[in-house]
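Contents: one structure, followed by commentary.
No value in this document is a laboratory result; all are computed from the given coordinates. Please read all numbers here as calculations on a predicted model, not as lab measurements. Glycine gets a Cβ as well: all are built from the backbone with ideal geometry, and neighbour counts include every protein chain shown.
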Amino acid sequence: MKVAIVGGGPSGLYLAILLKRRQPDWPVSVIEQNSADSTFGFGVVLADSGLNRLQAADPQVFEQLIAKMNFNRVQTIEVQHHPIDIQHPAKGGAIARIDLLHVLQRIAQDVGVDVRFGMRIEHPDELSQHGLADADVVVGADGVNSVVRGAYEKEFGTTKSFLTNHFAWYGTARVFTKSALVFREWQGGSFVAHYYPYSTTASTFVAECDDATWHSLGLHAMSNEQRQQVFEQVFAPELDGEPLISNHSNWRQFPVTQNAHWTVGKHVLMGDAHTTAHFSIGSGTRIAMEDAIALAEALTAPAPADEPDLSALARLENFAQTRGPAKDKLLNASRKSYLWYEQFGDWMRRYTPYGFIHAFMTRTGRLNEERLQQQYPELFAQFQREGLTQMALAAPEPLESAHAR
């Protein structure tokens, strides 16, 4: 089988590695528009459960990533200048995105993947110009602006909308000792920062505000440099004199991209090209790499005895049927989470700090009272002292249409 992968980010490279490990004779090519040293953003999070899946899929990749990662089990959630430390049961970690890419690039080249950098295509038909017209499978691993999806949006059943909050990803030379979520009112506006260390020299810093704040404080009329200065003021206690660092840190509203189908003929989508997962539930990179694991398994699994010549198209259909239900659970949690975040200013004003954290941690429905007590016993005990454990603090779920445009 010949496979062409459009997009040389983490998921595209990881898929290529998995395919070549299992089928060394297959021609596998990765087409990436940027150079090998180009990266956008700073650090990415790989949660504990995701790391377990990476270890099972390819121990060598896992070991090399672990060696580059920064681990911490303690997270601070601060609401209105009231910080509360939370001990997480799972040991997640963060890694510099450029380190993640370099590890995967090196292993891909070692196992014989044909990786082509600085090669941009505008349509999958252009693969013919690069000797890939006869690829049996064309994978769109090219993110939210996927050219593979864009060529067949009607066939994929693509829908798009945008959330109302505004956000940007920054870095900082301040190396925090633990990750944190800081929710804060400032000059009548509602702000949130999510930061975490990803190396011994730097941290990621995600800045966000709601739409009312964006307009009431005039952020909509500012330059990106001026917005950065505002957030340096809002979170001056956390930054402790260090500036935010921009790397294509443009302000935007989160794009909710979904597709009714995973495949169109020999074309298949994964990661953000298929469905965007909101950053508030964890790393989209991790979810995309899990897509790659499922796709590699579907393409390389032994054919059943009653169908020894299982076609590539049939294997793609198997991938859609097996990966779809598992990812739907994540995307449902993502939806509940981003709808909650769209009203975080209201929640700050409505709840006490512990009430806010209870609502935050139960917002997706994945953590009920029993699991809270099992996984976060100290925090649950505090919830009991505050009289929160018998209360349904989360407001009725708002209508999707009220939070997308």
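Kirkwood hydrodynamic radius computed over the chain comes to 22.4 Å, based on all pairs of distinct alpha carbons.
About the Cα centre, and with charges only on the beta carbon of Lys, Arg (+1) and Asp, Glu (-1), how big is the dipole of the chain? Nearest 20 debye, please.
Numbers: 35 positive and 45 negative charges, 94 e Å.
So the magnitude is around 460 debye.
Relative to the current alpha-carbon distance between V74 and F40, full extension at 0.36 nm per residue lengthens the span by 9.6 nm. Distance between the 7 Å Cα→Cβ label points at Q382 and A236: 2.7 nm. For R371 and D134, the FRET efficiency from 1/(1 + (r/R0)^6), where r spans their Cβ atoms and R0 equals 45 Å, is about 0.35. Mean-square fluctuations from a GNM of the chain, with a 10 angstrom spring cutoff on Cα atoms, peak among L100, L54, L379 at L379.
By the scheme Lys and Arg +1, Asp and Glu -1, what is the net charge of all other residues having a beta-carbon under 13 Å from that of G345? Walk me through the numbers before you get to the answer.
On the way: positive: R184, R349, R350; negative: E185, E208, D210, D211, E342, D346.
So the surrounding residues net to -3.
With the dipole of the chain worked out from charges on the C-beta (+1 for Lys and Arg, -1 for Asp and Glu) around the Cα centre, which of W26, Y351, Q75 lies farthest toward the positive end? It is Y351, whose Cα lies furthest towards the positive end. A Cα-only calculation for the stretch 1-131 places Rg and Dmax at 17.8, 59 Å.
Here the sum of -39500 (n - 2.57) over DSSP H runs of 4 or more residues, divided by the residues of the chain, equals -11500 deg cm²/dmol at 222 nm, to the nearest 500.
Converting phi to 3J(HN,Hα) with the Karplus coefficients 6.51, -1.76 and 1.60 and the offset θ = phi - 60°, the stretch 300-313 yields 10, 4, x, 5, x, 4, 7, 8, x, 9, 4, 6, 4, 5 Hz in sequence order, with x at every glycine or proline.
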